[in-house]
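Enquirer: One structure follows; several queries about it will come next.
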Amino acid sequence: MAVLCSNCAGRLIFNPASQKLECANCGAGYRPEDVSDINADVHSKYYDTRVYTCGHCGAEVITSDTESSTFCVYCGNPAIVFSRVSKEYRPDGIIPFKITKQQALDKIRSRFENNPIVPKDIGSSFKLQNMRGIYVPYWIVNADYQEADWISGTVKRGKSSETRFYSRSGDIKFKNVPVDGSRILNDDVSMRLEPFYLEDSKEFDEDYLNGFYSNTSDMDYMDLRESASKRCHKLFADEVVKSIPKNARNVNIRDSIYWADVQDDPIYMMFPVWFLTFKYNGKPYTVLVNGQTGKVTGTLPWQNKKIWAIAITTFVLVIAFIAALFFVVSGGAAQIVTFFWAAGAAALFGTSTISFTVGFNGLRRILRNLRLSQSEAMFNFVKRRQS
């Protein structure tokens with residue numbers, strides 16, 4: 001429900017820069033904990049939300065009352081009308097936004113606009129009206145965890161190499177593990193946004209939601225335990241790989257058996273995330289910014305011609321440098337033609353090797369990030385908000 005200014009009865013919206021609820025009419029500022037809503041029951045397990053229907057596209061929009069009369073997050077049309085009141089489960093805590101909308105957009109621009117392989121005209125899609133501040137649900141869990149792994153690695157023996165196998169097992173008590181509470185939002189995406197710092201968390205107050213959207217958790221206990229197990233497995237597996245001898249290459253966990261027993265009552269939290277959504281050449285893209293730290297995650301389309309131009313230019317410069325160095329060292333030009341071909345072959349071999357061992361893994365990572373950025377599910381996640 002809307003919270004009004006005590007000076008002029010204007011609507012209050014939370015400002016991440018000042019960490020206060022501010023009135024757009026008179027500029028008055030209030031701490032959220034000092035503002036009370038006569039319609040809110042802080043002792044209830046649930047809080048009220050408002051559902052609106054767009055008169056243009058028919059979509060249901062569940063959003064904060066302070067933004068309800070502005071536009072539809074589906075089609076951008078301002079013709080939305082009140083439909084009904086819904087009750088949602090009250091979180092235990094919230095990390096308020098610290099990064100403003102403009103700061104989030106500036107961080108996205110600084111990361112992508114000067115990238116030579118990103119299309120120049122894509123900057124026109126970086127607009128404030130394409131940004132959504134959304135509180136994402138998380139569960140903070142403690143878990144007793146057990147895992148056993150079978151690992152392989154390649155070790156050199158003289159001129160040849162052999163595959164060796166290793167085993168690791170153990171148990172650990174995980175504390176304060178964050179688990180994304182939405183099945184719609186890809187877990188890989190949410191993990192790339194981390195870390196979130198719980199020391200900035202506040203007791204949940206609906207006033208922090210003013211001016212923002214939020215998503216409610218759609219997980220039951222079995223879903224939570226499964227997600228917690230996968231999250232603990234990733235944390236455990238990362239340490240397992242580090243424990244393998246340094247001389248082993250291509251380390252791979254062949255098989256794992258693991259189990260997480262979620263302890264006590266998990267804590268239900270809201271974490272702040274800025275979403276920039278747009279379409280480019282008919283494909284949806286989403287770039288995310290951690291609303292607490294400003295960390296940016298996501299990948300934009302690139303220009304293949306520029307990638308090839310950079311690769312070819314680098315290759316030519318490497319050959320020219322090696323040839324010039326040989327010319328200076330040898331003191332004459334007689335050997336330069338012969339060595340030019342040798343240098344070319346060496347440069348080709350070197351750059352090809354580097355491209356395969358480093359570039360291939362980097363490209364695979366970029367493609368994986370691009371698939372997440374282009375996900376229709378991610379694009380639609382931003383459209384279906386609740387607060």
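Enquirer: On the basis of being among the charged types (D, E, K, R), outside the structural domain of Tyr268 (by TED's automatic domain parsing) and at pLDDT below 90, does Glu113 make the cut?
Expert: In short, no.
Enquirer: Shifting gears a bit: Yes or no: region 261-272 includes at least one residue that is polar (S, T, N, Q), assigned by TED's automatic domain parsing to the domain that holds Met131 and under 30 Å from Ser125 (Cα atoms).
Expert: Checking region 261-272: not a single residue is polar (S, T, N, Q), assigned by TED's automatic domain parsing to the domain that holds Met131 and under 30 Å from Ser125 (Cα atoms).
Enquirer: Another question about this same structure. Under the condition of being outside any strand (DSSP E or B) and under 18 Å from Ile134 (Cα atoms), which residue from region 6-30 is nearest to the chain's Cα centre (by Cα)?
Expert: Pro16
Enquirer: While we're here: Answer yes or no: is there a residue in region 247-268 that is among the small types (Gly, Ala, Ser), surrounded by fewer than 22 Cβ atoms within 10 Å (Cβ to Cβ), part of a strand (DSSP E or B) and over 24 Å from the mean Cα position of the chain (by Cα).
Expert: Yes, region 247-268 has at least one match.
Enquirer: Sticking with this one: Looking only at region 195-232, count how many residues are at pLDDT below 90, charged (D, E, K, R) and not in a helix (DSSP H, G or I).
Expert: So the answer is 3.
Enquirer: Okay, moving on. Picking from Lys175, Lys156, which residue would you name as being touching a strand residue (DSSP E or B) at 6+ places or on another chain (Cβ under 6 Å), assigned to a strand (DSSP E or B) and loosely packed, with under 13 Cβ neighbours inside 10 Å?
Expert: Values: Lys156 fails: touching a strand residue (DSSP E or B) at 6+ places or on another chain (Cβ under 6 Å).
Just one listed residue meets the conditions, Lys175.
Enquirer: Of all residues being at pLDDT 70 or above and assigned to a loop (DSSP other than H, G, I, E, B) in region 31-54, which is nearest to Lys202 (Cα to Cα)? Just the residue, please.
Expert: Arg31
Enquirer: What are the residues in region 161-183 that are touching a residue at least 40 places away in the same chain (Cβ under 8 Å) and either outside the structural domain of Pro137 (by TED's automatic domain parsing) or among the β-branched types (Val, Ile, Thr) (or both), if any?
Expert: Hits for region 161-183 are Ile172, Val177, Val179.
The values are calculated or read from the model by the stated rules, or taken from the named source; none is laboratory data. Keep in mind it's a predicted model, so treat the numbers as computed, not measured. Heads up, the Cβs are rebuilt from the backbone with ideal geometry, glycines too, and the neighbour counts pull from every protein chain shown.
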